[in-house]
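Accompanying notes for the structure given below.
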Amino acid sequence: MKKEQVAHCCFSVWYPLFRTVTIRSVILPLPDNVKEYLLDDGTLVVSGREDPPIHAQEGSDDAEEIQWSDDENTTTLKAPEFPEFTAKVEEAISSLGGSVFPKLNWSAPRDAYWIAMNSSLKCKALSDIFLLFKSSDFITRDLTQPFIHCTDDSPDPSLDYELVLRKWCELIPGAEFRCFVKENKLIGISQRDYTQYYDHISTQCEEICRSIQEFFKKHIQYKFLDEDFVFDVYRDSRGKIWLIDFNPFGEVTDSLLFTWDELTSGRNLKGDQSEEEATEQDYPVFRCTNSQVTVQPSPYLSYRLPKDFVDLSTGEDVHKLIDFLKLKRNQQDDD
């Protein structure tokens, strides 16, 4: 996998070419000070939300000022503010209907969904986005090591980081599929959420495969900047296919129900008679979870214990818990 292939999968590179067949989105340049904030390993203080004023009733115990510490050097942690960037994000969110799915040039913070109050990547404010981004290893990788799996020694392509806001759509996991293209030929399709069994996929596999193949030939083939790549699609309730994302053809991308050895060499792609017949007819091999027995745990479960909470468990940084509880209180006040 070459650095150029990774660069071609950057959202702002492919989105103008396929705007009509994908979800409406807004791309905002990511300021350097915002990037620095996202990479700051200090206390998790989420910018973008102000604390509501607290008014104590006269005569109540809360009216009495409480001195929590005798240390005069105690400082109050305060998140940095980005007023111009915040205004642009708020305007973009409003233009997209009030709720968005956020990502950077390549990755979305799918490994951090558990930390959100709604256990979702649905964001309505910049603070929601910051909370997910600062908790995500995927986002950190985008910002620090986007070409780590590339094999060529060429200089890193020039890169401008961007915040991508996509109109929020309630996508059913069982309707998402990952497609593998080699030499501009669609060679494999995998169920995206391979950890679960979906009856409709097993019963409609031929129809699903045919509709994705037709979509590929009409909208994708020979139009992307590389001949080897991976793309994700969504098939809605009417059977219409929507483009979701592009990924590099290489180990940095999850091969799901295939292996990269199979995809790169072409070996073992004829695992059963139906796959063999599909290959002979120039149709891609289609794989799905076809039994409840093969259901697996979510691959994102391993990300549910970030370093911040390890610090909490060892007592190394109790301020992180205070900030998290403070954020939760703000959320409850807003509701």
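Below 11 angstrom from the Cβ of V6, what's the summed charge of the other residues (Lys, Arg +1; Asp, Glu -1)?
-3
For A116, what residues show an amide H to amide H distance below 5 Å, using hydrogens built from the backbone and excluding near sequence neighbours?
Long-range HN contacts for A116: none found.
Count charges around R235 for me, please; just the other residues with Cβ under 12 Å from its Cβ, Lys/Arg as +1, Asp/Glu as -1.
-1
Please list log₁₀ I(q)/I(0) at q = 0.28 Å⁻¹ for the range 87-140, using the Debye equation with identical point scatterers on the alpha-carbon positions.
Once normalised to I(0) and log-transformed, intensities are -1.12.
Of all the Cα-Cα pairs you can form in the range 97-241, what percent are over 27 Å apart? Show your work: numbers first, answer last.
Working: 3683 of 10440 pairs.
The answer is 35 percent, as a whole percent.
From the protein chains alone at 1.4 Å, what is the descending order of accessible area for M117, M1, largest first? Please report the intermediate quantities before stating the final value.
On the way: M117 75, M1 40 Å².
Largest to smallest exposure gives the sequence M117, M1.
Rounded to the nearest 20 debye, what is the charge dipole size of the range 150-285 about its Cα centre when +1 sits on each Lys and Arg Cβ and -1 on each Asp and Glu Cβ?
Taking the Cα centre of the range 150-285 as origin, the dipole is about 660 debye.
Counting only residues 5 or more places away or on other chains, whose amide H sits under 5 Å from the amide H of V285 once H atoms are built in the peptide plane?
G188, I189
Around P173, under 9 Å between beta carbons, what's the net of Lys plus Arg minus Asp minus Glu among the other residues?
-1
Express in Å², to the nearest 10, the accessible area of H200 obtained by rolling a 1.4 Å probe over the protein heavy atoms while all chains stay in place.
Counting only protein heavy atoms, H200 exposes about 70 Å² to solvent.
Apply the Karplus curve 6.51 cos²θ - 1.76 cosθ + 1.60, θ = phi - 60°, to the phi angles in the range 243-257 and return the couplings in whole Hz, x for Gly and Pro.
Computed from phi, the couplings for the range 243-257 are 6, 10, 6, 10, 9, x, 7, x, 5, 5, 9, 5, 7, 6, 8 Hz.
Accessible area per residue for the range 129-230 in Å², computed with a 1.4 Å probe and the full protein assembly in place, what is it? Don't skip to the answer; put the middle values down first.
On the way: 4780 Å² over 102 residues.
Value for the range 129-230: 47 Å² per residue.
Sort 150-157, 25-32 by the packing proxy (mean of other Cβ within 10 Å over each peptide's residues), most packed first.
Top of the packing list down: 25-32, 150-157.
The values are calculated or read from the model by the stated rules, or taken from the named source; none is laboratory data. Since this is a predicted model, take the numbers as computed values, not measurements. Backbone-built Cβ (ideal geometry, glycine too); neighbour counts: all protein chains shown. Ligands, DNA and RNA are stripped out before the accessible areas are found, and what is left, the full protein with its side chains, is counted by its heavy atoms. Shrake-Rupley method; radii C 1.70, N 1.55, O 1.52, S 1.80 Å.
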